[in-house]
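Below is one structure, written out as structure tokens; the observations come after it.
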Amino acid sequence: MLKLIQVLWPSFLVAAGAEALFFTVIDPQTLYLFGEPVDYSATATYSIGFFGFWLVGAASSLLTLFFQRSATQINASH
């Protein structure tokens, strides 16, 4: 449970900040995806953006935990 909190909480905070910064600069109604305009509502665009940023932040936190393992922990799993 501690590892889950160590991954999800910091990534949640980073996602909130990244979304605030991104959507302060970019209007969600002017976004394009694969050359087509995004036809979602502003709320849906904000939500998708938040979860996308959260996913990237969680991946970063998971990699940090992965690389913090000691040699003993790595060798014990084999």
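We did not get these values from a lab; they are worked out from the coordinates using the rules stated. As the structure is a computational prediction, the values presented were derived from the model and not from experiment.
Taking the longest Cα principal axis of the chain as reference, the axis of helix 2-25 is set at about 20 degrees.
Once you have the Cα-Cα distance between THR30 and TYR46, take 0.36 nm times their residue separation minus that, and quote the gain in nm to one decimal.
Working: separation 16, 0.36 × 16 = 5.76 nm, distance 1.28 nm.
Full extension from THR30 to TYR46 adds 4.5 nm.
For Cα pairs less than 8 Å apart in space and 6+ apart in sequence, what is the mean separation divided by the residue count of the chain, i.e. the relative contact order in percent? With pairs under 8 Å counted, the relative contact order is 44 percent. Report summary: the helix-based calculation at 222 nm, which adds -39500 (n - 2.57) for every DSSP H run with n ≥ 4 and divides by the residues of the chain, gives -24500 deg cm²/dmol. Annotation: amide H-H contacts under 5 Å for LEU31 (H modelled 1.01 Å from N, sequence separation of 5 or more, or interchain): VAL38.
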